[in-house]
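Visitor: One structure follows; several queries about it will come next.
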Amino acid sequence: MNIGIDHGYYAIKTRHFSFPAGITAYSHEPYTLQNTLEYAGKFYVCGTGRQPIQRDKTATDSYFLLTLAAIAKEISHRREKPECSVTIGAGLPLTTYGREKKPFRDYLLHSSQPVCFRFEGTAYRVTIRDVVLFPQGYSAIVNHSELVSDEPSVLLMDIGGWTVDLMRLDNGVPNAAACRSLELGMIRCIDEAREQVRRDTGLSVTDAQVEREPFPVHRTVKRLPKRNETQDNS
């Protein structure tokens, strides 16, 4: 089966799931099997907060382990057999696509196939057949050609966890000279919001508190019955 995975600095996303790109290792079975990956004799709880920014995602096993968790979640959701073959579709930043393509593909393919692991207590035996990589964000506009067909220039913005990737398309064709990856993503926004709260109030807030949707200003309050209405109903 084909499984698309967005290996973000802030979150791992698939078609049906999104969870923080944090991972905590345990030498023994942890307190819960929820989001717990068992691989090579160790246990990992996936989706626990966020890990420090790792510019080279192939430097540690973290993103490979998070990939296994994402694959397991998708297989379970699609009710497929835990012993199967998959092709991974993934993205890379526009400005580093050519440099990172081969090492990231080799990293996800892994030398040992099939990959045997357990996720949330279920045993998986997955063969990663291939890894297909694409420039981040570009696929979003490829499926909507009507947005660029009548425009001489269109600016595509992919706002991610750590970077904001910009691509300009002139007459529907990407302009490589206009591609930019700026380190102005949501992680920096959240960190600055937390710092501003600390300066203004002296309080420390968590990422979850910053991300929480604002409480609606207008609330619908259920009208209580009047006294005579209560009597009539009784």
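The values are calculated or read from the model by the stated rules, or taken from the named source; none is laboratory data. Owing to the predicted nature of the structure, the values given are computational and were not obtained by experimental measurement. We place every Cβ from the backbone using ideal geometry, glycine too, and count neighbours over all the protein chains shown.
Visitor: Which of the residues that make up the stretch 42-57 are surrounded by fewer than 16 Cβ atoms within 10 Å (Cβ to Cβ) and part of a loop (DSSP other than H, G, I, E, B)?
Guide: Thr48, Gly49, Pro52, Ile53, Gln54, Arg55, Asp56
Visitor: State yes or no: is Tyr97 modelled with pLDDT under 90, crowded, with 18+ Cβ neighbours inside 10 Å and within 25 Å of Ala208 (Cα to Cα)?
Guide: No.
Visitor: Here's a follow-up. What strands (runs of 3 or more DSSP E) completely inside the stretch 96-165 contain at least 3 residues that are within 19 Å of the chain's Cα centre (by Cα)?
Guide: 122-135, 153-159
Visitor: What about Gly47, is it more than 17 Å from the chain's Cα centre (by Cα) and more than 23 Å from Asp130 (Cα to Cα)?
Guide: Values: more than 17 Å from the chain's Cα centre (by Cα): no; more than 23 Å from Asp130 (Cα to Cα): yes.
Against the criterion (more than 17 Å from the chain's Cα centre (by Cα) and more than 23 Å from Asp130 (Cα to Cα)), Gly47 does not qualify.
To keep it simple, each residue is scored yes or no on (1) within 30 Å of Leu166 (Cβ to Cβ); (2) among the hydroxyl-bearing types (Ser, Thr, Tyr); (3) in contact (Cβ under 8 Å) with a residue 60 or more places away in the chain.
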| residue | (1), (2), (3) |
| --- | --- |
| Ala70 | yes, no, yes |
| Glu80 | no, no, yes |
| Ile88 | yes, no, yes |
| Pro114 | no, no, no |
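Visitor: Which one of Glu74, Glu38 is assigned to a strand (DSSP E or B), modelled with pLDDT of 95 or more and out of contact with any helix residue (DSSP H, G or I) (no Cβ under 7 Å at 6 or more places or on another chain)?
Guide: Answer to the check: Glu38.
Visitor: To continue, here is another question. Being of a type in the set (Ser, Thr, Tyr), under 17 Å from Phe117 (Cβ atoms) and touching a Pro at 6+ places or on another chain (Cβ under 7 Å): is that true of Thr36 here? So that I can check it myself, show each step before the final result.
Guide: Numbers: of a type in the set (Ser, Thr, Tyr): yes; under 17 Å from Phe117 (Cβ atoms): yes; touching a Pro at 6+ places or on another chain (Cβ under 7 Å): yes.
Criteria met by Thr36.
Visitor: Among the residues of the stretch 1-35, how many are in a strand (DSSP E or B), among the aromatic types (Phe, Trp, Tyr) and loosely packed, with under 14 Cβ neighbours inside 10 Å? Explain how you work it out, then say what you get.
Guide: Quick first cut of the stretch 1-35, residues in a strand (DSSP E or B) only: 2-7, 11-13, 18-20, 23-26.
Checking which are among the aromatic types (Phe, Trp, Tyr) leaves us with 19, 26.
Pick out the ones that are also loosely packed, with under 14 Cβ neighbours inside 10 Å and you get 26.
The number of residues fulfilling the criteria is 1.
Visitor: For the stretch 136-158, name all the residues that are at pLDDT 85 or above and within 28 Å of Ala11 (Cβ to Cβ).
Guide: Passing the criteria: Val154, Leu155, Leu156, Met157, Asp158.
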